[in-house]
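Here the structure is laid out as structure tokens; the discussion comes afterwards.
The values are calculated or read from the model by the stated rules, or taken from the named source; none is laboratory data. None of the values given here were measured: they were computed from a predicted structure. Here the Cβ is made from the backbone with ideal geometry for all residues, glycine too, and neighbour counts use every protein chain on show. The accessibility values were calculated without ligands, DNA or RNA, using every heavy atom of the protein model including side chains. Shrake-Rupley method; radii C 1.70, N 1.55, O 1.52, S 1.80 Å.
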Amino acid sequence: HFSSAEIKKHIVNLQTKWQNLKEVSIQRKHDLEDSLQAQQYFSDAKEVESWIHEKEPVAQSTDYGRDEDSCNALYKKHQQLFNDIKDFEQTELEELRQKAQK
């Protein structure tokens, strides 16, 4: 073909542009994945913060009970809170730490 040299130039040009587009799209994909991880981390951190605020009134209570029965009830409530905190630390907080390290 009489324009084969020009066609080859266009092919090389298109291949170069295609390769550049693929590289840019791969970088964009990585950036979007990083953004997604950050947003998930912030969402999970907000949930942890909400959970902590939910448990604060029990932990900060200055009520010591008026008699043995109310003291026992408060003790059970605080034992349950302590167990909830341990469970939460082992699951949710550990996941949050791992996401923060990423």
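The figures follow:
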| item | result |
| --- | --- |
| Gaussian network model of the chain, Cα within-10 Å springs - most flexible of I11, I26, I52 | I11 |
| The range 2-101, dipole about Cα centre (Lys/Arg Cβ +1, Asp/Glu Cβ -1), debye to the nearest 20 | 1080 |
| Alpha-carbon centroid distance for the pair the range 1-51 / the range 56-89, whole angstrom | 52 |
| Heavy atoms of D63: accessible area, 1.4 Å probe, square angstrom to 10 | 90 |
| For the chain, built as a Gaussian network whose Cα springs stay under 10 Å, the top-fluctuating residue of A59, A38, A73 | A73 |
| Above-threshold pairs, the threshold being 20 Å between Cα atoms, out of K55/K99; K9/K29; K46/K76; K46/K102; K55/K102; K55/K86 | K55/K99; K9/K29; K46/K76; K55/K102 |
| Selected from K55, K77, K22 as most flexible by GNM, with the chain as the system and alpha-carbon contacts under 10 Å | K22 |
| Accessible area (Å², per residue) of the range 2-101, counting only protein heavy atoms and a probe of 1.4 Å | 88 |
| Accessible area (Å², 1.4 Å probe, nearest 10) - H53 | 100 |
| R0 of 25 Å, Cβ-Cβ distance H53-L32: FRET efficiency to nearest 0.05 | 0.20 |
| The chain, accessible surface, carbon-and-sulfur percent (1.4 angstrom probe) | 54 |
